[in-house]
Amino acid sequence: MAVIGEIVSPSSRGYRTTWDGSPKLSVGMAGIKYNLKVGDPCFGWASGDHVEPGVTIRGKERPSPSECALALLACVGNEAKAVSGEAKGDKGVFTGRHAGSDDLVWFDDPTLEKLAIGDKVQIKAHGVGLKIKGYDDIRVNKCSPRLLESMGIEVVDGKLRVPVAAEVPGFLMGSGIGSSTVLETVDYDIQTTDPQAIKKYGLEKLRLGDIVLLKDQLCVNGRGYWKGAMTVGTVIHGSSDYSGHGPGVNPLLSTKDGRLETLIDPDANTALYLGLRDKL
């Protein structure tokens, strides 16, 4: 069904204190980003913090964006279309949801040049309630059939084997954990405020759109620790210098019953799966 949002202006909370006590005026959230796309690095953007690739839209029919149809029903990989302004009729792809207020859409470069703040973007929402036949123990979340079918998942000895770009230990999960029983409306962050941990687990290589494994994390009714649980998600926003924060993840698949397994594939990224770029 159709859901809709409006392109919103960039915003900043002003100077904030980073994990090491430094003041920072961060940029990268909301608006239209011309040079920041799914598949680009999570780290290294000048003054960037929680950078959001592509175009940021928000539902407007309720006071809180997280209560809008867009937040609840849009799934990664859904078709997007500009329905007002100079770019009216141009199509893109929904790529994820950040926290309680931002929904992210990819458009090609010619369309980006035509878009304006305030333009409306409609999504063909498809995927809420999706189940994998024979694997009812695996919660599918915010994942379109288009994305699920393109991820190269195989059945091996009764388990679903999913390619991932990186594996993240569960103790690094931070902001957003345990905050809601509704998985669809809120991402949660891989904490990247400890430089030694970033290096040890290779997190400096993370890219926007990467498919990652979150170890010992259960995302079925909310998000939290469960020894042996596995959650596979996609990275939807960039790194952060604020305590407890880092690249944000939208959970896609989760189970505590041992019926998921993963293998490392550096090309496990939604930019390739959804045809948004030819190579990383």
Practice prompt. Can you tell me which residue among Gln196, Gln191 is free of Cβ contacts under 8 Å to residues at least 60 places away in the same chain, closer than 16 Å to Thr234 by Cα and outside the structural domain of Arg58 (by TED's automatic domain parsing)?
Written response: Gln191
Discussion item. Of everything in segment 152-182, what is surrounded by 21 or more Cβ atoms within 10 Å (Cβ to Cβ) and under 30 Å from Cys68 (Cα atoms)? Give them in sequence order.
Written reply: Met173
Practice prompt. Would you point out the residue of segment 1-24, among those that are in a loop (DSSP other than H, G, I, E, B) and closer than 26 Å to Gly59 by Cα, that is farthest from the chain's Cα centre (by Cα)?
Written response: Gly14
Practice prompt. Go through segment 78-108 residue by residue and tally those that are assigned to a loop (DSSP other than H, G, I, E, B) and under 24 Å from Arg223 (Cβ atoms).
Written response: 4
Fill in: Filter pass, Phe107 being of a type in the set (A, V, I, L, M, F, W, C), within 25 Å of Ser239 (Cβ to Cβ), more than 13 Å from the chain's Cα centre (by Cα) and at pLDDT 95 or above
yes
Practice prompt. Determine whether segment 56-69 contains at least one residue that is in a strand (DSSP E or B) and of a type outside the set (A, V, I, L, M).
Written response: yes
Worksheet entry | Checking Asp119 against (1) touching a strand residue (DSSP E or B) at 6+ places or on another chain (Cβ under 7 Å); (2) of a type in the set (Asp, Glu); (3) not assigned by TED's automatic domain parsing to the domain that holds Ala87, the condition it does not meet | (3)
Practice prompt. Would you point out the residue of segment 20-51, among those that are closer than 20 Å to Thr234 by Cα and touching a His at 6+ places or on another chain (Cβ under 9 Å), that is modelled with the lowest pLDDT?
Written response: Gly28
Item to complete: Pull up segment 248-280, narrow it to residues that are at pLDDT below 95 and surrounded by 14 or more Cβ atoms within 10 Å (Cβ to Cβ), then point me to the one that is farthest from Thr181 (Cα to Cα).
Response: Leu280
Practice prompt. Kindly indicate which of Ala2, Ala87 is loosely packed, with under 14 Cβ neighbours inside 10 Å, touching a helix residue (DSSP H, G or I) at 6+ places or on another chain (Cβ under 9 Å), closer than 28 Å to Gly275 by Cα and of a type in the set (A, V, I, L, M).
Written response: Ala2
Worksheet entry | Enumeration of residues in segment 128-138 that are over 15 Å from Ile153 (Cβ atoms) and touching a Cys at 6+ places or on another chain (Cβ under 8 Å) | Val128
Worksheet item: Just to be sure, is Ile138 farther than 21 Å from Arg97 by Cβ, touching a strand residue (DSSP E or B) at 6+ places or on another chain (Cβ under 8 Å) and among the aliphatic types (A, V, I, L, M)?
Response: no
Practice prompt. Hey, could you check segment 90-134 for residues that are at positive phi and in contact (Cβ under 8 Å) with a residue 40 or more places away in the chain and say which is surrounded by the fewest Cβ atoms within 10 Å (Cβ to Cβ)?
Written response: Gly118
Item to complete: Looking only at segment 190-215, count how many residues are of a type in the set (D, E, K, R) and assigned to a loop (DSSP other than H, G, I, E, B).
Response: 1
Worksheet entry | From Ala2, Ala80, Ala46, Ala30, residue being out of contact with any Leu (no Cβ under 9 Å at 6 or more places or on another chain) and within 30 Å of Lys199 (Cβ to Cβ) | Ala46
Worksheet entry | Matching residues in segment 216-247 - criterion: being surrounded by fewer than 24 Cβ atoms within 10 Å (Cβ to Cβ), touching a Leu at 6+ places or on another chain (Cβ under 9 Å) and not in a strand (DSSP E or B) | Val220, Asn221, Gly222
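The values are calculated or read from the model by the stated rules, or taken from the named source; none is laboratory data. Since the model is a prediction, treat every value here as computed from it, not as a measurement. Cβ: placed from backbone, ideal geometry, glycine included. Neighbour counts: every protein chain shown.
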